[in-house]
Amino acid sequence: MSEYQKSYEKALKLWDELEGVIKEEPFGETAKCPMHPYHYFQLSQVCNFKVMNGNTYTEYLEKWRSRKN
């Protein structure tokens, strides 16, 4: 399994274990829920996305939580 695949699997596990959020369709970011890992990994291909939103899904979740609070 590649590092990318491992990272994605870890992100999916984090998503499944999220508590205190309202997961809405189609799992885009809202004030009540971070974006689904699928969207994060798609957007991570955009220039500077990771700089603004976190280099990993874990970092993204931390930044989302800090914006939420």
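Within region 5-34, residues that are under 16 Å from Glu59 (Cα atoms) reach partners that are hydrophobic (A, V, I, L, M, F, W, C) and exposed (fewer than 11 other Cβ atoms within 10 Å of the Cβ) with beta carbons closer than 6 Å, at six or more positions or on different chains, in the pairs Cys33/Ile22.
One residue stands out among those in region 1-28 that are touching a strand residue (DSSP E or B) at 6+ places or on another chain (Cβ under 7 Å) and surrounded by 10 or more Cβ atoms within 10 Å (Cβ to Cβ): the one that is modelled with the highest pLDDT, which is Val21. When the residues of region 29-69 are filtered to those that are hydroxyl-bearing (Ser, Thr, Tyr) and not in a helix (DSSP H, G or I), the one that is farthest from Leu12 (Cα to Cα) is Thr30. Applying the set (1) at pLDDT 95 or above; (2) more than 18 Å from Tyr4 (Cα to Cα) to Tyr60 leaves exactly one unmet item: (2).
Selection of region 35-69 for residues being of a type in the set (A, V, I, L, M) and farther than 19 Å from Glu24 by Cβ yields Val46, Val51, Met52. Could you say whether any residue in region 35-48 is polar (S, T, N, Q), surrounded by 15 or more Cβ atoms within 10 Å (Cβ to Cβ) and at pLDDT 95 or above? Yes - at least one qualifying residue is present in region 35-48.
The values are calculated or read from the model by the stated rules, or taken from the named source; none is laboratory data. Bear in mind that the values here come from a model prediction, so they are computed numbers and not experimental data. All Cβ positions, even for glycine, are placed from backbone atoms using ideal geometry, and neighbour counts span all protein chains on display.
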